[in-house]
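Just below is one structure, and these are the notes that go with it.
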Amino acid sequence: MEESRFLTGQILLALPGIGDPRFERAVIAMCAHDEQGALGVGIGHELEDLTLYDLLGQFEIDPGVAPDAPLHYGGPVEPRRGFVVHSTDWGGQDTIDVAGRWALSGTIDVLRAIADGTGPSRWIVALGYAGWSEGQLDAEMTRHGWFNVPGDAALLYESDAGQRWERSFARAGIDPRLLTPGAGTA
């Protein structure tokens with residue numbers, strides 16, 4: 001398999017007209033992509049009525065020094081399961097390094113560390129994830145639907161969720177207003 005097919009550490013963007021409303025204007029931080037499948041966490045849409053304090057309260061964790069940040073729609077798979085995409089300056093019991101660009105944690109220890117001020121310096125909390133089975137994302141990448149850009153800290157942590165989609169395309173030199181919802185035929 002060609003190395004370029006592996007999207008770990010990339011940002012995956014849904015193109016207009018992807019055909020699945022769950023992925024409309026999606027921005028996905030790709031955390032794993034290999035022969036067995038792919039996993040990414042959505043960072044482009046915030047949940048409307050749920051914040052970090054609500055989540056911490058469900059686990060009876062005092063919010064301590066943590067700001068009451070919005071939670072993100074991580075994807076349609078396991079929407080009640082939480083994930084934290086974060087800087088690499090912290091690691092917990094299940095933390096995985098994502099191509100040296102960011103880390104991913106999915107256990108309660110990262111929430112406790114964020115609340116008590118000993119966690120990662122930058123983070124995004126999401127519920128759910130986007131997942132693809134063996135070869136599924138590779139096949140989808142050959143059709144109209146997805147575009148990938150290099151992932152970096154500025155896109156993850158320095159952009160508001162509602163601006164990540166446009167900013168990601170702009171960093172690739174593309175004006176998303178000029179994108180069409182369908183592919184042409186020749």
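The values are calculated or read from the model by the stated rules, or taken from the named source; none is laboratory data. Quick caveat: nothing in here was measured; it's all calculated off a predicted structure. Glycine also receives a Cβ, built like all others from the backbone with ideal geometry; neighbour counts cover every protein chain displayed. Note: areas computed on protein heavy atoms with side chains; ligands, DNA, RNA excluded. Shrake-Rupley method; radii C 1.70, N 1.55, O 1.52, S 1.80 Å.
Across the range 1-107, how large is the tail of the calculated P(r) beyond 21 Å, expressed as a percent of all Cα pairs?
Cα-Cα pairs in the range 1-107 separated by more than 21 Å: 42 percent.
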For the range 80-124: rounded, prolate or oblate by the Cα gyration tensor [a/c cutoff 1.5]: oblate
Charge context of D116, other residues only, Cβ under 15 angstrom, K/R +1, D/E -1: -2
Order of exposure, largest accessible area first, which applies to E166, E48, E134, E24 with probe 1.4 Å: E48, E134, E24, E166
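If the chain between I96 and Y53 were fully stretched, how many nm would it gain, using 0.36 nm times the residue separation less the Cα-Cα distance?
Length difference between fully extended and current span is 13.0 nm.
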Rounded tilt (10° steps) of 161-171 against the dominant C-alpha axis of the chain: 40
Simple Cβ-charge dipole of the chain, Lys/Arg +1 and Asp/Glu -1, about Cα centre, in debye nearest 20: 480
Largest to smallest accessible area among W90, W132 [probe 1.4 Å]: W90, W132
